[in-house]
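Notes for the one structure printed next.
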Amino acid sequence: MRRGVSGRPFRALYKAQRRMLGRASTGWMYPLLAVAGVAVIRFLLPEAYRETASLLLAMFLALGMSVIATAAVMHEKENGLLPAFYISGVKPWRYLLSRCCYAAVAALLSGCFVLWFGDPAVIRIEKGAVDWSALLQGNLPRLCMGAALMILLSVCSVCLAMLPALMCETLGGYTFSGAVLAVLLCGPAAWDLLSPLPQGFLFHPAVLAGRLIRSPEMLTRRLTLEPLLMPLLSFALFALLCLAIGRLCAGGLLHGKGGASA
Amino acid sequence: MIQVENLHFAYRRKEPVLQEITFGVSQGEIFGILGPSGAGKSTLMKILIGLLPRYGGTAMVMGQHCDSLKASFFSRVGVDFEVPSLFERFTARENLEFFRSLYSRPCFQVDDMLHQLGLTQHADQKVSSFSKGMKTRLNFARAVVNNPDLIFLDEPTEGLDPTSAAAMKNIILGLKGQGKTIVMTTHNMQDATDLCDRVAFLSAGRIAALDTPRRLVMKTGAAHLTYTYVDNGVEQTRTTPLNRTAEDNVLSFLLKANRITSIHTDEPDLSKVFTQVTGGRLEP
Ligand SMILES: Nc1ncnc2c1ncn2[C@@H]1O[C@H](COP(=O)(O)OP(=O)(O)OP(=O)(O)O)[C@@H](O)[C@H]1O
Ligand SMILES: [Mg+2]
């Protein structure tokens, strides 16, 4: 058995992805864009802000992460790197998780950043001082919950993004499937957000994440588990499904399947 | 090291690419796989490294079946794919450092490898600005960076100038000297003759011939001697088999009379064997 494999290949793959995408475009741009987006909503729609910010952020994350993941995989595919990873003993799980790791970091950064500084409900300033008691009484768990959901959501989208990366051989195909993925990931969430109709149960990651974050339980800082149980469970199931799909596709990719391979 | 028995393979919904392949490679040997384009050389290699697990028959490498390879296999194997597999946006050194970091066993020093392959000057240049030959050399370095015991090389000298090709061949022989087993494909018959202990000719998915290059060459028949002389002001050419020169009275006479104007032998070589066993043309 190979020993000491835990950290090194994983970190190397993670770093390589960052380098490949270019430092400027991803390291800083993503959280900055997220903050800018939320700031704009806050000024343009101060009423709807509390409801929409977190959901918009979730959609933004899902879309951004899936595009970044597919772009990275396509780049590796075009350069015939995937079989080289395979022969270096990179396992599909490790490959997938190194991709998810990036998404998780971005989710954590932008999610926390925006919720913390952008949401008036999380931090309240009273008489020029931060209201720590309100923060500790319920906003902190809410923040953690929101961040966890953001991470899970972006990990799910990365896993799903492995599918078009595996299927498409051309840039055109990739762009097309990227658009389809965007519609699939964000369309229902947007509909759920904007529709004046009573909102029914929609089994969709972005919708579920958005709902959980802005559910009355969370907004009123009364974190009781019971009403959250069903959405959480279904969301967990969805996450497992995404992971399974991602693992399968990563295995196929490392074996040089889906064209443009060595 | 490698045992293959009655191996069959077909890509999905396609005609069979490989049929009834049987051979073995022992430790410390350089084994060549030769054959025309599309004969299935790269496919055979991909099966042996586990990239194409849906094959029929038996294929075992280092005691493991090729459809279920374990982690220990990958740390001991290096593969030079026919298409360069490098990060275009990294420099040569960064590429090697990256692939080195995927292994936990002791690897070769990056600077030593770059030096041996004549890439020291270009170590900090981005791979996207490399020429084809430079990429081929770096790709070779990538393949052997983990100091593997078994090395697969798919056309390692393709696109190299004669000097680089000679250097590359020396490195390959050096690796053999360290006891490593090497399986390589090539279209260059001279390289195959210089490097390989045994070669297999693949033709239409089957092994058409398998032996040492020397014995294969001998089997195609003796070499011929061709000489020219001037008779009554007209240049004449005659050919005689090398093993029958004593019976050629004209030759004996001309030799004694110092009348031969040119003489040369056409040694049979692997190219001839290639044409004979595959019935096709040799790629340059
Ligand atoms: N991914 C694939 N899907 C379907 N058929 C394939 C695939 N790869 C190769 N083939 C077919 O398998 C046959 C053997 O291909 P292979 O690449 O092994 O040839 P080769 O001997 O390596 O040729 P070359 O000397 O040109 O590299 C060819 O007829 C090719 O069309
Ligand atoms: Mg080939």
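The values are calculated or read from the model by the stated rules, or taken from the named source; none is laboratory data. Keep in mind it's a predicted model, so treat the numbers as computed, not measured. Ideal geometry is used to build each Cβ from the backbone, glycine not excepted, and the neighbour counts take in all protein chains shown. Quick note on the areas: whole protein, heavy atoms, side chains included, nothing else; ligands and nucleic acids left out. Shrake-Rupley method; radii C 1.70, N 1.55, O 1.52, S 1.80 Å.
Below, the figures for the structure above:
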read-out: Contour minus Cα-Cα distance for B:Lys256 and B:Asp197 (0.36 nm per residue); value: 17.1 nm
read-out: Highest to lowest packing among B:7-17, B:42-52, A:238-248, scored as the average C-beta count within 10 Å; value: B:42-52, A:238-248, B:7-17
read-out: Region A:87-112 residues near the modelled A:Arg11 label - backbone nitrogen below 11 Å, point 7 Å along Cα→Cβ; value: none
read-out: Modelled FRET efficiency - R0 41 Å, B:His8 with B:His115, Cβ distances, 0.05 increments; value: 0.40
read-out: Helix B:132-144 vs. chain B, principal-axis angle (Cα, 0 to 90°, nearest 10); value: 60
read-out: Between region B:49-104 and region A:74-112, the Cα center-to-center distance that results, in Å; value: 17
read-out: Peptide ranges B:99-107, B:87-95 listed from the most packed, as the mean C-beta count within 10 angstrom indicates; value: B:87-95, B:99-107
read-out: Protection proxy ranking, peptides B:118-125, B:194-201, average beta carbon neighbours within 10 Å, highest first; value: B:194-201, B:118-125
read-out: Area of A:Met145 that stays accessible when all protein chains are in place (1.4 Å probe, Å², to 10); value: 40
read-out: Surface share of carbon and sulfur [accessible, 1.4 angstrom probe, percent] for chain B; value: 48
read-out: Cross-link reach list, lysines versus B:Lys70, counting only Cα pairs under 19 Å and skipping chain neighbours closer than eight places; value: A:Lys91, B:Lys46
read-out: Value of relative contact order over chain B, rounded to a whole percent, pairs C-alpha under 8 Å and six or more apart; value: 21
read-out: Shielding score for B:42-48, defined as the mean number of other chain Cβ atoms within 10 Å; value: 1
read-out: Average other protein chain Cβ within 10 Å of Cβ, residues B:79-89; value: 6
read-out: Surface per residue (accessible, 1.4 Å probe) for chain B, Å²; value: 47
read-out: Members of region B:53-73 that become less accessible by 50 Å² or more once partner protein chains are added (1.4 angstrom probe, chain alone as reference); value: B:Ala71
read-out: Size of the B/A contact, given as accessible area buried on both chains, probe 1.4 Å, in Å²; value: 2700
read-out: Calculated FRET value between B:Ala246 and B:Leu173, using beta carbons and R₀ = 45 Å, to 0.05; value: 0.70
